[in-house]
1. Using C-alpha positions alone, give me the convex hull volume of segment 1-129 per residue in cubic angstrom.
2. Just the Kirkwood number for the chain, please: inverse of mean 1/r across all distinct Cα pairs, in Å, one decimal.
3. Y200's amide H: which non-local residues (gap 5+, or another chain) put their own amide H closer than 5 Å, with H modeled 1.01 Å from N in plane and none for Pro or chain starts?
4. Give me the aspartates and glutamates in straight-line cross-link reach of K296: C-alpha distance below 17 Å, same-chain residues under 8 apart excluded.
5. Relative contact order, percent, of segment 94-230 when contacts are C-alpha pairs under 8 Å separated by at least 6 residues?
6. To the nearest 20 debye, what is the magnitude of the charge dipole of the chain about its Cα centre, counting +1 on the Cβ of each Lys and Arg and -1 on the Cβ of each Asp and Glu?
7. With every atom except the alpha carbons ignored, what do you get for Rg and Dmax of segment 223-332, in angstroms?
8. Quick one: order Y345, Y355, Y153 from most to least accessible surface, probe 1.4 Å.
Amino acid sequence: MEKKILNVAVIGCGGIANSKHMPGLKTVKEAKMVAFCDIIEERAEKAKKEFGTPDAKVYTDYKELLKDQSIDVVHICTPNRSHSFITIDSLRAGKHVMVEKPMAKTAEEAREMVKVAKETGMKLTVGYQNRCRPESVYLKKEVMEKGVLGEVYYAKALAIRRRATPTWGVFLNEYEQGGGPLIDIGTHALDLTLYMMDNYEPKMVLGTSYKKLNNPKCGNVWGEWDPKQHKVEDSAFGFIVMKNGATINLESSWALNIVDPIEASTVLCGTKAGAQIKNKELILNYDKDDKLVEEKPISDYEGTIKQASAGAEAQQWIDAILNDTDPCVLPEQACVVSEILEAIYKSAETGAPVYFD
Ligand SMILES: NC(=O)c1ccc[n+]([C@@H]2O[C@H](COP(=O)([O-])OP(=O)(O)OC[C@H]3O[C@@H](n4cnc5c(N)ncnc54)[C@H](O)[C@@H]3O)[C@@H](O)[C@H]2O)c1
């Protein structure tokens, strides 16, 4: 790309736009935020004031925003239901797109997004920022890509909270989100696990889901919810068998009777060694001279991205556009995450396993 500075627009100026996208983009000197859209106008106005250029534009209709030829990149931070159609309209309008996770509400929508990105030649990525955390970068580059674990034949993707149901926005609304903790936070843990295993070929999925803990008065970190509005599962579990024979156990919950909540976590068990990301710490385990050893290597690692994951995610994305290289998260990979999540929901509903072609 000839340009040195990219004009970025943000569609959906709520929680994740304010906590990740806009602060992240603010640290990238090759990007400026020139347009903001939200169906609640004050949110877009506030975002402009805090993060925009002085002449940034404010919209309430994303289709109007997409008419602006000067916009190069669009970040889509709306609820899950609108990820697919806003992404497709943006790609067709000639914009590069970062869309929030999950890629889409359904796997079919995700596949269509991949197809349109290919047709238009625009770049598309998905907001799985956990890949950009220092311990993830180390695990990928220094451990997985160097084959330190040997053959990984068992993994766990963990996103289990004791009592942390999101009570803002539309997280409890099945129509808007497509599900509860599985599609909300299970998606991060599964993405991280597949990325580390570099394995995107599922063979079979068996899933269960539950709606058991519906006492909004008890200890929820984001306060009470209205039980009548809670239309999604509170926990879901998946047993995933990959075509190469590896097994992944996925556990997700917003509310579960456990004492050790753990999130955005992956456990990888290989023939030579194991690795675990637990509470943003990387722990390796192996045997050496007939002794079992544990190691926390990250503190010594020089090549680590020092920025917080928000800035690191935004920087690698803007760099990928400017240098015409791949962003960290490829849409084809995020699409497989959506396909597996959907298979878990389907299996939970029917009680039967789901087989992939
Ligand atoms: N990457 C992460 O860790 C992470 C964390 C939280 C949320 N998310 C994802 O981000 C998305 C948004 O979640 P949130 O917590 O920011 O929700 P939110 O409700 O706080 O914000 C969503 C915003 O989008 C606006 N909006 C809705 N429809 C719109 C439309 N058609 N055009 C323009 N604006 C529209 C809403 O008015 C709201 O301000 C979800 O897909 C969620 O899964 C990701």
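The values are calculated or read from the model by the stated rules, or taken from the named source; none is laboratory data. No experiment lies behind these values; they were computed from the predicted model shown. Please note: Cβ atoms are built from the backbone with ideal geometry, for glycine as well, and neighbour counts cover all protein chains shown. Side chains included, ligands, DNA and RNA excluded: accessible areas come from the protein's heavy atoms. Shrake-Rupley method; radii C 1.70, N 1.55, O 1.52, S 1.80 Å.
1. Taking the convex hull of the Cα positions in segment 1-129, it is 97 Å³ per residue.
2. That comes to 21.0 Å for the chain.
3. For Y200, whose amide H was placed from the backbone, there are no distant partners under 5 Å.
4. Cα-Cα hits under 17 Å: E135, E142, E281, D287.
5. 25 percent
6. 480 debye
7. 19.1, 59
8. Y355, Y153, Y345
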